[in-house]
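What follows is a set of notes on a single structure, which appears directly below.
The values are calculated or read from the model by the stated rules, or taken from the named source; none is laboratory data. Fair warning: this is a prediction, and the values are worked out from it, not measured in the lab. Cβ coordinates were reconstructed from backbone atoms using ideal geometry, including for glycine residues, and neighbour counts include every protein chain displayed. Remember, those area values only see protein heavy atoms, side chains included, never the ligands or the DNA or RNA. Shrake-Rupley method; radii C 1.70, N 1.55, O 1.52, S 1.80 Å.
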Amino acid sequence: MRQRPAAVQQSRVSGQPASSGRLPALGRAGRPVLPGVLPSALLPVLLPILLTGLLVLSGCAPAPQPQPPQPPRPPVAALVQPEPQDLRGIPQNVTALLAQQPGRANGKASLDALLLTPQAQARFLERFRAAHFGPWAQTNATFGPASALWGLGTLSANNHYGENLRPLGPGFKAEMEALCQASAYPSPVRPAIATANTSLRVLPTIRPGFLKPSRPGEGFPFDYWQNSGVWAGTPLVVTHLSADGAWALVEARNAGGWVRLSDIAFVDQEFMARWMALPLLAVTRDRMPLSTLDLGRGGQLTPGLATGQSTSPANSQGVPVNGQGTPANSQGGVPANGQEMGSANGQGSGPANGQEMGPANGQGMGQASGQDAGQGGGQNIGQIGGQNIGQIGGQNIGQIGGQNVGQTGAGGGIFLFQGRIGMVLPLAGQDTSGYTALAPARKADGQAEIVSVRIKASDAAAMPLAATPRNLGRLADQMLGQPYGWGGYYENRDCSALMLDLMTPLGLFLPRNSSQQARSGEYVSFEGLTAPQKEALLLARGVPLLTLLYKRGHIMLYLGQQQGRALMLHNIWGLKSLDESGTEGRVVIGRAVVTTLEPGRELPEVARAGTLLEGMAGMTLLAPGGLPPARPDRTR
């Protein structure tokens with residue numbers, strides 16, 4: 001078959017006819033010498049065309065008229081909001097700010113001064129243990145169907161939007177009613193434990209429930225089906241199951257809701273006895289991967305307790321002490337750095353309607369009960385009632401197959417979950433390099449088994465971690481800058497979760513919601529005071545690091561002062577704003593920050609709407625007189 005002439009073959013790159021880039025050569029008669037593939041009869045026809053082309057190439061043809069310049073395109077408007085001056089003028093470093101507080105000019109020694117006595121912390125820890133293990137003492141559901149399944153009542157208005165920002169519609173309501181099967185509530189009550197970091201949902205679904213996204217302070221991240229987060233290792237009680245068996249309605253020490261059944265496991269009496277018999281270990285490094293100890297068995301989960309070594313002795317309150325009579329980890333146990341989460345609608349924090357997360361009737365989701373599982377009297381915590389915990393049936397659980405569980409095999413263990421500040425696990429062993437803790441794992445039959453994890457000494461602390469400015473500063477600095485997470489959305493923290501997790505290593509129990517936290521100590525009302533009077537009262541009576549500031553829907557921690565202005569730590573979504581026409585908006589911050597009591601006061605739109613200080617209702621002293629409050633508040 002005859003090939004296409006080379007002059008008109010298509011280029012493989014452009015798809016256009018190829019060209020040599022050279023002009024045809026002219027013969028003696030001025031005629032171009034063309035390839036012999038063209039008939040000679042066509043030459044008279046092509047010659048004028050070729051000559052015209054030569055004239056154009058030689059510049060004899062008239063040049064094209066220049067086009068008039070196009071008008072410049074209008075610039076694209078920037079959508080970047082101004083940030084409050086506080087975020088630029090105040091160092092976002094809690095430890096550094098605490099070191100600059102009045103009376104701390106001597107630096108290191110003062111940062112290690114105790115804010116609470118070991119005796120006071122022991123009393124706080126006793127209450128914490130009672131609340132923490134309370135769900136396992138329950139034999140019945142705490143609430144009736146109307147309170148436990150309160151989320152169904154919110155569907156009647158049909159004003160929630162899904163992930164596509166479209167109304168969820170009546171079909172969603174019917175689906176949720178069928179899954180919740182309210183007429184069968186409660187199902188048989190069973191104790192359980194979280195085996196993953198997970199969410200407590202208002203309804204048995206992962207789909208969001210936003211209010212009208214176009215409203216200020218609504219839409220993402222305010223998913224009204226998100227109630228709270230719960231860390232792995234948290235004791236739970238299951239009170240109901242969804243119709244499809246995929247979700248369980250649970251109660252924890254300070255919150256309740258629907259959780260994926262695959263994120264929890266059921267426990268029996270033996271599991272609970274072993275779990276509750278040991279002292280508690282607080283994770284002090286955020287987002288730390290925790291894996292099982294590898295005993296050379298192909299990476300299989302290996303049940304067991306620990307290294308067989310006994311941990312620190314306990315005083316009469318079950319609190320580890322060193323030779324000085326202070327908590328053994330009073331000087332450390334918290335990494336010095338780490339970055340990672342804020343909520344304020346028109347009223348400071350949360351949705352625009354100012355409602356708290358939780359049941360619509362204002363009740364909580366459970367109760368604090370149970371007995372203190374700690375031991376004392378100077379007993380070795382490896383022994384309870386004279387029996388060595390490390391032995392069951394005469395076999396030392398600290399050793400399996402002749403290998404110490406505290407030793408990590410060459411292959412590494414199986415990832416379980418991320419350790420988070422606020423996570424609490426039983427402390428099974430301790431040596432110079434760190435801790436061995438118990439962790440829960442879910443078996444194929446849905447039951448829990450105990451496995452061992454190893455944690456470096458710098459990443460955890462035997463509870464209670466000594467209440468010093470240095471320890472609290474190191475914890476807080478890891479959470480500074482973390483994204484805001486409404487109700488634990490995306491495993492982030494909101495304002496009240498930040499307070500809860502920050503105080504947990506110290507053994508201070510706090511409820512889940514901001515309004516409940518404000519009642520967890522001696523409450524001092526700001527009613528009738530002007531903004532300057534409120535700040536003056538805080539500076540006069542507030543105890544840095546042990547005083548909460550409350551505004552409806554928002555909770556903050558008093559840190560101290562800088563240049564005569566009070567400073568606070570809080571996780572905040574945004575500040576209410578009003579433009580000149582009175583249109584409401586938000587100045588989004590969206591993370592954990594340190595500010596004055598009036599962030600954004602220099603912004604006209606924030607000043608028109610009113611600062612946080614103007615709306616503050618009061619402050620709460622968590623340890624009035626250096627002791628736990630006389631009556632602990634309801635937990636859930």
Residue in the range 168-203 that is modelled with the lowest pLDDT, counting only those that are among the hydroxyl-bearing types (Ser, Thr, Tyr) and in a loop (DSSP other than H, G, I, E, B): Ser187
In the range 430-449, the residues that are at negative phi and open to solvent by less than 10 Å² (accessible area, probe 1.4 Å): Thr436, Ala437, Leu438, Ala439, Pro440, Ala441
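I'm trying to understand the selection: among the residues of the range 231-252, which are assigned to a strand (DSSP E or B) and open to solvent by 10 Å² or more (accessible area, probe 1.4 Å)? If you could, list the steps in order and put the result at the bottom.
The first filter runs over the range 231-252 and keeps only residues assigned to a strand (DSSP E or B), leaving 235-241, 247-251.
Hits for the range 231-252 are Leu241, Trp247.
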Arg591 being more than 23 Å from Gln101 (Cβ to Cβ), open to solvent by 30 Å² or more (accessible area, probe 1.4 Å) and in a helix (DSSP H, G or I): no
Criterion (part of a loop (DSSP other than H, G, I, E, B), among the aliphatic types (A, V, I, L, M) and within 24 Å of Thr611 (Cβ to Cβ)) met by exactly one of Leu508, Leu498, Leu545, Leu539: Leu545
Residue check, Arg586 of a type in the set (Lys, Arg), surrounded by fewer than 19 Cβ atoms within 10 Å (Cβ to Cβ) and in contact with a strand residue (DSSP E or B) (Cβ under 9 Å, 6 or more places away or on another chain): no
Selection status of Leu597, buried (at least 23 other Cβ atoms within 10 Å of the Cβ) and touching an Asp or Glu at 6+ places or on another chain (Cβ under 8 Å): yes
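Go through the range 139-160 and report how many residues are on the phi > 0 side of the Ramachandran plot and either open to solvent by less than 20 Å² (accessible area, probe 1.4 Å) or assigned to a helix (DSSP H, G or I) (or both). Spell out how you get there, then give the answer.
Narrowing the range 139-160 to residues on the phi > 0 side of the Ramachandran plot: 158.
Adding the requirement that they be either open to solvent by less than 20 Å² (accessible area, probe 1.4 Å) or assigned to a helix (DSSP H, G or I) (or both) leaves none.
Matching residues across the range 139-160 total 0.
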Tally, over the range 451-470, of residues that are open to solvent by less than 10 Å² (accessible area, probe 1.4 Å), touching a helix residue (DSSP H, G or I) at 6+ places or on another chain (Cβ under 7 Å) and either at positive phi or not in a loop (DSSP other than H, G, I, E, B) (or both): 2
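Quick one: which residue in Leu480, Leu508, Leu539, Leu498 is touching a Leu at 6+ places or on another chain (Cβ under 7 Å), modelled with pLDDT of 95 or more and within 27 Å of Ala113 (Cβ to Cβ)? Let's see the steps before the verdict.
On the way: Leu480 fails: touching a Leu at 6+ places or on another chain (Cβ under 7 Å); Leu539 fails: touching a Leu at 6+ places or on another chain (Cβ under 7 Å); Leu498 fails: touching a Leu at 6+ places or on another chain (Cβ under 7 Å).
So the residue among Leu480, Leu508, Leu539, Leu498 that is touching a Leu at 6+ places or on another chain (Cβ under 7 Å), modelled with pLDDT of 95 or more and within 27 Å of Ala113 (Cβ to Cβ) is Leu508.
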Only listed residue being on the phi > 0 side of the Ramachandran plot and within 26 Å of the chain's Cα centre (by Cα), chosen from Gly245, Gly257: Gly257
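Anything in the range 206-230 that is open to solvent by 30 Å² or more (accessible area, probe 1.4 Å) and not in a strand (DSSP E or B)? List them, or say none.
To start, the set of residues in the range 206-230 that are open to solvent by 30 Å² or more (accessible area, probe 1.4 Å) comprises 206-207, 212-216, 220, 224, 229.
Answer for the range 206-230, where residues must be open to solvent by 30 Å² or more (accessible area, probe 1.4 Å) and not in a strand (DSSP E or B): Ile206, Arg207, Lys212, Pro213, Ser214, Arg215, Pro216, Phe220, Tyr224.
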Residues of the range 162-177 satisfying the condition of being within 16 Å of Pro204 (Cβ to Cβ) and loosely packed, with under 12 Cβ neighbours inside 10 Å: Gly171, Ala174
